[in-house]
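Report on the following structure.
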Ligand SMILES: [Zn+2]
């Protein structure tokens, strides 16, 4: 039996196997004033369990994320709105925690259902991902091709990935108009006060929203209870303010940024709410440290392109997670290089790295 223990996860994202996840019941979100949680069941990727949408406010509503465009998701939100005593035309603004399809996919549908202009906000570093111009390129680009060659991804895996990426593309309508937000921006309304905390790592523009009155942290994919929020390899660094951006380094710095924040509940982008933020942060740190050691050990044994290290690092990787596995190896390797524990032995492609 594969060992599903936390320190040796079978796949790059799962902390539990899917059997456990299916048995897991989502605890209902705590009832709060002016905050309504709507957890849309996610058919695929199933390990996300739900895509969480939050309605904040009494009358004019601010939505935090929208969930993906999947059959029934708009109706699901409409129904939840009705139960809370709202209507879609109460939506006055949408704040998107980061530019991934399962977080902004329904924004266009919600705007249309609202029947009036609804301003959408996303951090400036991710705004290109949700725009009509950037959307196509976001999921597959020339730079992604180069990354694939660098890691020696086999053609058959690339074909599977492209198919998977086109599935993801169908989960969203790109946005024609979007407003950029920055760290420290504030959104206020009747009964709430939200503050933007830029927490890059999972995505360069990933941001949490802190509701100061009730001390709720809307964490997007920065903090999730049941899976590790992958600091995904960023192939489009040329679009960023810092062209030397490194996902995992940024992610760990973003965890620091939340240290000491007075949080009653974390409301994540997927799955259950969280009560112990400091506890989960220290678990994440340990997890990444363990994973770095695992990758360092794999490198020490073999001088092979990164794709060929998967068997050593993630022996039970599900077919759909091969890209995540390579991405995880790469982002941890960047830290090993920063720390002087690994070096580039041959730039390739495919590139070869050596443990030191
Ligand atoms: Zn995401």
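The values are calculated or read from the model by the stated rules, or taken from the named source; none is laboratory data. Every value quoted in this text rests on a predicted model; they were computed, and no experiment measured them. Note that we place each Cβ from the backbone using ideal geometry, even for glycine, and neighbour counts take in every protein chain shown.
The residue that is nearest to residue 95 (Cα to Cα), among those in the range 120-163 that are over 22 Å from the mean Cα position of the chain (by Cα) and not in a helix (DSSP H, G or I), is 153. Considering only residues in the range 38-55 that are modelled with pLDDT of 90 or more and crowded, with 22+ Cβ neighbours inside 10 Å, the one that is farthest from residue 72 (Cα to Cα) turns out to be 54.
Of the helices (runs of 4 or more DSSP H) contained entirely in the range 239-356, those carrying at least 1 residues that are within 28 Å of residue 66 (Cβ to Cβ) fall at 247-258, 277-301, 322-338.
One line per residue, one yes/no per condition, for (1) closer than 19 Å to residue 327 by Cβ; (2) touching a strand residue (DSSP E or B) at 6+ places or on another chain (Cβ under 9 Å):
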position	(1), (2)
220	yes, yes
246	yes, no
257	no, yes
289	yes, no
293	yes, no
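For the range 175-206, the set of residues classified as assigned to a loop (DSSP other than H, G, I, E, B) and either touching a strand residue (DSSP E or B) at 6+ places or on another chain (Cβ under 6 Å) or within 16 Å of the ligand (Cβ to nearest atom) (or both) consists of 178, 183, 185, 199, 200, 201, 202, 203, 204, 205, 206, listed by residue number. The residue that is farthest from the ligand (Cβ to nearest atom), counting only those in the range 92-103 that are over 24 Å from residue 167 (Cβ atoms) and over 17 Å from the mean Cα position of the chain (by Cα), is 92.
Among the residues making up the range 161-177, those that are in contact with a helix residue (DSSP H, G or I) (Cβ under 7 Å, 6 or more places away or on another chain) and closer than 18 Å to residue 149 by Cα are 161, 165. Screening 94, 77 for residues that are in a strand (DSSP E or B) and at pLDDT 90 or above leaves exactly one candidate, 94.
Filtering 306, 217, 209 for residues that are under 25 Å from residue 189 (Cα atoms), more than 16 Å from the ligand (Cβ to nearest atom), in contact (Cβ under 8 Å) with a residue 12 or more places away in the chain and surrounded by 18 or more Cβ atoms within 10 Å (Cβ to Cβ) leaves a single hit, 217.
Here the range 256-273 is the region considered, the condition is being modelled with pLDDT of 95 or more and away from the ligand (no atom under 16 Å from the Cβ), and the residue that is surrounded by the fewest Cβ atoms within 10 Å (Cβ to Cβ) is 262. Here the condition is being within 16 Å of the ligand (Cβ to nearest atom), crowded, with 18+ Cβ neighbours inside 10 Å and over 14 Å from the mean Cα position of the chain (by Cα); of 106, 74, 63, it holds for 106 alone.
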